[in-house]
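K.L.:
Pasting a structure below so you can have a look.
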């Protein structure tokens, strides 16, 4: 009888230990955060399905369809914004990227754009288009160049690299974009955006 | 006697479990890798102590001494190379950064520099200086711009961002540099460097 009790208690202790251990392991193993690198120039492919996911076969343009490229990945990351998009970019003339930002604005995503004063005025710049749509834009006037090219999506996804938001950068140059959710990397960019946004408030 | 045996075995099992668990925990908890963001323009400060760490007080220039800045951090990361430095940069005219690369070359660090053909020929470019010193340089001739600005130190530390290796970028522009050892981010840059290096081999 005594042996049965000991074995029984042993089994209970064993199952409890296994349960505790598995819970501990789940807590200790951090969820893998997104870390992705995209290189450019990007292959050319139709991106219409990213703008109209409900009817993915609606486009009959001559570009290849259903192909994932560096550019379509970049577009998807930007379009994933559900609450905020903070954008800090030197040159912004790419029509598809402009269309993405306008689409987010149409979905009531809060958008703030910080750009270089001199570049914002050149032919082809989309900054005027964004301003006309009611998107809040501020220009850096203090430095030689506001040379950043980064975006923070929903305060947790950082998109940064060498790529300006232009057609040449996407289609012709050797460029990189790094996409990460690593808090140690995202946090400083959020802080710097806040600093630059406040510093370039035209009301000051 | 039977009870003593059971208790004894229980204690042995317990101590073994504790040992196994602690080993498991040490293996599961990944060592934190370096993740750092540097913003520019950098404060101006003397960086002589980074080049001559054995005599840190040897410089009498008029710049502030003993101040850590974004630029001194960048220089330290580059100077930390002990075996290899792969550099892929659009514009390289900064004299201190050139001096750092030459110092590494003097220490027998294997250096490969990939740059933009058009920019490498402009006044002030350090590419000719590096070539004359015997450093292996290749120029990208295929794209509109080889617009990358990244370096991989010892195959494990990635330095990337918006900053070209120029004086204006360091002292006057709003720029960022991201420094990381995160393998998911470093690996693609190593692969892309290898691809570009092979692609731009003049012997091909």
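K.L.:
Assess whether residue A:131 counts as being in a helix (DSSP H, G or I) and either outside the structural domain of residue A:50 (by TED's automatic domain parsing) or touching a strand residue (DSSP E or B) at 6+ places or on another chain (Cβ under 6 Å) (or both). Lay out the reasoning, then the answer.
P.N.:
Numbers: in a helix (DSSP H, G or I): yes; either outside the structural domain of residue A:50 (by TED's automatic domain parsing) or touching a strand residue (DSSP E or B) at 6+ places or on another chain (Cβ under 6 Å) (or both): yes.
Yes; evaluated as a whole, the condition is true for this residue.
K.L.:
Which of the numbered conditions does residue A:3 fail, given that it passes all the others? Conditions: (1) outside any helix (DSSP H, G or I); (2) surrounded by fewer than 12 Cβ atoms within 10 Å (Cβ to Cβ).
P.N.:
Looking at each condition in turn, residue A:3 falls short on (1).
K.L.:
Between A:100, A:81, which is assigned to a loop (DSSP other than H, G, I, E, B), surrounded by 17 or more Cβ atoms within 10 Å (Cβ to Cβ) and in contact with a helix residue (DSSP H, G or I) (Cβ under 6 Å, 6 or more places away or on another chain)? Spell out the reasoning first.
P.N.:
Values: A:100 fails: assigned to a loop (DSSP other than H, G, I, E, B).
Among A:100, A:81, only A:81 is assigned to a loop (DSSP other than H, G, I, E, B), surrounded by 17 or more Cβ atoms within 10 Å (Cβ to Cβ) and in contact with a helix residue (DSSP H, G or I) (Cβ under 6 Å, 6 or more places away or on another chain).
K.L.:
May I pose another question? Mind checking which residues of the range A:174-197 are touching a strand residue (DSSP E or B) at 6+ places or on another chain (Cβ under 7 Å) and more than 8 Å from chain B (Cβ to nearest Cβ)?
P.N.:
Of everything in the range A:174-197, those that are touching a strand residue (DSSP E or B) at 6+ places or on another chain (Cβ under 7 Å) and more than 8 Å from chain B (Cβ to nearest Cβ) turn out to be A:177, A:179, A:181, A:186, A:190, A:193, A:197.
K.L.:
If you don't mind, another one. Would you mind stating whether residue A:171 is within 11 Å of another protein chain (Cβ to nearest Cβ) and farther than 24 Å from residue B:70 by Cβ?
P.N.:
Yes: the conditions hold for residue A:171.
K.L.:
Looking only at the range A:41-55, which residues are without any contact (Cβ under 8 Å) to a residue 40 or more places away in the chain, closer than 22 Å to residue A:94 by Cβ and either in a loop (DSSP other than H, G, I, E, B) or not assigned by TED's automatic domain parsing to the domain that holds residue A:161 (or both)?
P.N.:
A:43, A:45, A:46, A:52, A:53
K.L.:
Are any of the residues in the range A:120-142 surrounded by fewer than 18 Cβ atoms within 10 Å (Cβ to Cβ), over 18 Å from residue A:80 (Cβ atoms), out of contact with any helix residue (DSSP H, G or I) (no Cβ under 9 Å at 6 or more places or on another chain) and modelled with pLDDT under 95?
P.N.:
Yes, some residue in the range A:120-142 is surrounded by fewer than 18 Cβ atoms within 10 Å (Cβ to Cβ), over 18 Å from residue A:80 (Cβ atoms), out of contact with any helix residue (DSSP H, G or I) (no Cβ under 9 Å at 6 or more places or on another chain) and modelled with pLDDT under 95.
K.L.:
Going by the conditions given, is residue A:140 at the interface with chain B (Cβ under 9 Å from one of its Cβ atoms) and free of Cβ contacts under 8 Å to residues at least 12 places away in the same chain?
P.N.:
Numbers: at the interface with chain B (Cβ under 9 Å from one of its Cβ atoms): yes; free of Cβ contacts under 8 Å to residues at least 12 places away in the same chain: no.
So residue A:140 fails the test.
The values are calculated or read from the model by the stated rules, or taken from the named source; none is laboratory data. Because the structure is predicted, anything quoted here is derived from the model rather than measured. Cβ sites come from the backbone with ideal geometry, for glycine too, and all protein chains shown count toward neighbours.
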